[in-house]
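Below you'll find the structure, written out as structure tokens, and then a few comments.
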Amino acid sequence: MIAPMEFEDDFIDFLERKAAGEFKLKGFDGENNKEIYKRPKVVKGFLLPKMSDNSQVSELPYICFRIIKLETIKVSGKNIHCLKTGILFGCYCSGIQSKHGKQIIADDGSGYRDLWNIMERTRQALFNGTYNPKVRLFEDTFSMEVPEEQYYPVWEGRINADFLIGTPEWGMSDSFYKPPKPL
């Protein structure tokens, strides 16, 4: 048994090592108004908005981990807690390249390809189970998606992953769960 917030902290560390730590993707430096390569920013829950013209674009690339729901499901006849999560990804692609001193539109697909590459790398790491020995990925409900409509210059995708985190043992003294009081 692991508490959802403990899992979140472990999982953020996992994403920083196994996904963000292995890539440098196109990003945008809003202060200098230019394209750069940088590691994805890993955040919990949501991206904090910034008050500038390039606020959303400056946060790219990113990986955002969100706990959506905790529910009890039956697995092999036993009640198990299942943590439903979303892993959101954002990449940048201006679609513009410099060639011989001129800015030209280049449909190189880099935003789309970068997005699928980092999502696939995360999927491979998830299925290798290198995040926490107390937790198991529930493979039956795993999915990856990229919405058809994307807002230039941002590419966004999502992994939906459910994790089996066990059930509390009511007699455990170090558990954050309290046993129900008798009537």
For the stretch 1-48, shape from the Cα gyration tensor axes a ≥ b ≥ c, cut at a/c of 1.5 then a/b versus b/c, turns out oblate
Which ³J(HN,Hα) values in Hz, rounded to whole numbers, follow from the phi angles of the stretch 86-95 under the Karplus curve 6.51 cos²θ - 1.76 cosθ + 1.60, where θ = phi - 60° and Gly and Pro get x? x, 10, 9, 10, x, 10, 10, 8, 6, x
Between Ile68 and Leu47, what is 0.36 nm times their sequence separation minus the Cα-Cα distance? Round to one decimal in nm. 6.0 nm
How many nm is it between the label spots at Tyr152 and Asn32, if each spot is 7 Å from the Cα in line with the beta carbon? 2.5
Could you run the Karplus curve 6.51 cos²θ - 1.76 cosθ + 1.60 with θ = phi - 60° over the stretch 4-14 and give me ³J(HN,Hα) per residue in whole Hz, x for Gly and Pro? x, 6, 5, 4, 4, 4, 4, 6, 4, 4, 4
5 Å is the cut-off here: which amide hydrogens, built 1.01 Å from N in the peptide plane, fall below it relative to Phe138, excluding neighbours closer than 5 in sequence? Asp162, Phe163, Leu164
Of Lys41/Lys102; Lys41/Lys69; Lys26/Lys102, which sit over 26 Å apart, Cα to Cα? Lys41/Lys102
Listed residue pairs exceeding 24 Å between alpha carbons, taken from Lys18/Lys44; Lys24/Lys44; Lys44/Lys74: Lys44/Lys74
Near the amide H of Leu25, under 5 Å away, which other amide H atoms are found, from residues 5 or more places off or on another chain, if H is placed in the peptide plane? Lys38, Arg39
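FYI, it's all coordinate maths here, none of it is from the lab. Note that the structure is a prediction, hence the values are computed from the model and not measured. As a convention, Cβ positions derive from the backbone with ideal geometry for all residues, glycine included, and neighbour counts pool all protein chains shown.
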